[in-house]
1. Scan region 40-62 and report the pairs whose first residue is farther than 17 Å from residue 253 by Cα and in contact (Cβ under 8 Å) with a residue 24 or more places away in the chain and whose second residue is in a helix (DSSP H, G or I) and aromatic (Phe, Trp, Tyr), with Cβ atoms within less than 6 Å and a gap of 6+ or a chain change.
2. Can you tell me which residue among 95, 129, 176 is assigned to a strand (DSSP E or B) and open to solvent by 30 Å² or more (accessible area, probe 1.4 Å)?
3. State all residues of region 139-151 that are modelled with pLDDT of 95 or more and surrounded by fewer than 17 Cβ atoms within 10 Å (Cβ to Cβ); if no residue qualifies, say none.
4. Test residue 75 against the criterion of being closer than 30 Å to residue 207 by Cα and either aliphatic (A, V, I, L, M) or open to solvent by 20 Å² or more (accessible area, probe 1.4 Å) (or both), and give yes or no.
5. Could you grab the pairs with beta carbons closer than 7 Å, sequence gap of 6+ or different chains, first residue in region 392-404 and in contact (Cβ under 8 Å) with a residue 12 or more places away in the chain and under 20 Å from residue 353 (Cβ atoms), second one crowded, with 19+ Cβ neighbours inside 10 Å and of a type in the set (Lys, Arg)?
6. Just give me the residues in region 349-384 being under 14 Å from residue 408 (Cα atoms), touching a helix residue (DSSP H, G or I) at 6+ places or on another chain (Cβ under 9 Å) and assigned to a loop (DSSP other than H, G, I, E, B), in sequence order.
7. Residues in region 184-191: is at least one open to solvent by less than 10 Å² (accessible area, probe 1.4 Å) and either assigned to a helix (DSSP H, G or I) or hydrophobic (A, V, I, L, M, F, W, C) (or both)?
8. Restricting region 329-349 to residues that are in contact with a strand residue (DSSP E or B) (Cβ under 7 Å, 6 or more places away or on another chain) and not aliphatic (A, V, I, L, M), which is surrounded by the fewest Cβ atoms within 10 Å (Cβ to Cβ)?
Amino acid sequence: MKPSYLIKPALDESYPEIDYGKGVFLFDKDGKKYLDAASGAVTANIGHGVPEIILAMHEQSKRVSFVYRSQFTSEAAEKLAEKLSDALPGDLNWSFFVNSGSEATETALKIAIQYWQEKGIKSKTKILSRWISYHGITLGALSMSGHPGRRARFVPLLEEFPSISPPYCYRCPYQSSAPECGYLCAKELDGAIKRIGSDHIAGFIAEPVIGAAGGAIAPPKGYYETIKKICDENNILFIADEVMTGFGRTGPMLASEHWNIIPDIVALGKGMGAGYAPIAATVVSDHVMEPILYGSKSIMSGHTLSANPQSCAAALAVLEYLENNDILSDVESKSVYLKNKLDQVKKQFDFIGDVRGKGLLLGLEFVKLPGAKIPFERSMKLTELVVKAGRENGILLYPAGAGLDGVSGDAVIISPPLTITKREIDELINLLKATFIEVYRILGFPYENGVEK
């Protein structure tokens, strides 16, 4: 066999070669069909092979695919920025286009610090964040990430920005429940600010629903209202990392809208280009832009391919597709349908400890002893086993971390394209059950007709 020189995620792993995609399905070169229950990496929000997006990209490619942002603007970039301004809540009007979610969160970090510098406050240089979080793989983004596994190799190069506990109700560190708990995990932010000093803190960043690091952890009502109040009282910018949750993944354009809060800065990505082109954005509110507009008049960030017309045309077409087909209006009903089905699956397989999430960003956490919520031993690599068994059964799942330490638990994310039909959800559930039966067989768990005995 001819050797491959492509650096893949696991160098000793054999990956099927993709051929094409259509709707919620992908097909490899051998003709095998996969239901994309993860939208790749929670990215392919409108499915694969959508003709309208392909046409828009083709038309743009006939004009120009690249210009350097310090030399030209483009119609595609201008229209995309205008469209985002109209689509997002409040005064989130100013878009800085980049190429990935990591770049978007790191640009948000830089803008938050620059905002205070432009106001003459140069001591505000820290960005606080939570443990069990993931904001990207570049050094600035990784510094904000409370993901021990992904931080481990680079700790000497990273800032110690993660400071507080996540809103992890399934494993509440205070052994309580909302709202009786008084949102103690949110109030940890106030304590962290007091220890560090608000004069040194530029912003606080959070994923509205924690994705890769926690397996779709969604907070209770009242949590983000408490967080935003603490930020406002301490003159700290609230940055929403909506790279995974934006563009209707949980229903509204921004998941933040579930909690009736408007961030000062938002990072977008993934569903923005829906996998058709690499693009992300840092969207900045009017009040954060104001001192920059009247000060240096330039944001100190940028990349060679930022705001390139080809990617902007793709993202603009994605936004128009969402709007023209009223995709977001059906997310809630599909979410309820899928969540109910997953709850039924949980009753059949005792190693599912929790079903959680928001919209079409749902997570399953696996445990060895459900009542005690005891996780499997790390040596078992259960998440990897489930994902691999899923792929062999024709369903693609997204691996995620779990456990209060962010290391010891196992979880997967279920996040199909927003365009999935209820019939296709039924197919997803059948493939998922077949996968879990196979996992039971491999682990030697007793079951009868897929129900543990």
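1. 52/321
2. 95
3. 139
4. Details: closer than 30 Å to residue 207 by Cα: no; either aliphatic (A, V, I, L, M) or open to solvent by 20 Å² or more (accessible area, probe 1.4 Å) (or both): yes.
Judged against the criteria, residue 75 is not a match.
5. 404/171
6. 368, 373, 375, 376
7. yes
8. 343
The values are calculated or read from the model by the stated rules, or taken from the named source; none is laboratory data. None of the values given here were measured: they were computed from a predicted structure. Positions of Cβ are generated from backbone atoms using ideal geometry, with glycine treated the same way; all protein chains shown enter the neighbour counts. Surface accessibility is based on the protein's heavy atoms, side chains included, excluding ligands, DNA and RNA. Shrake-Rupley method; radii C 1.70, N 1.55, O 1.52, S 1.80 Å.
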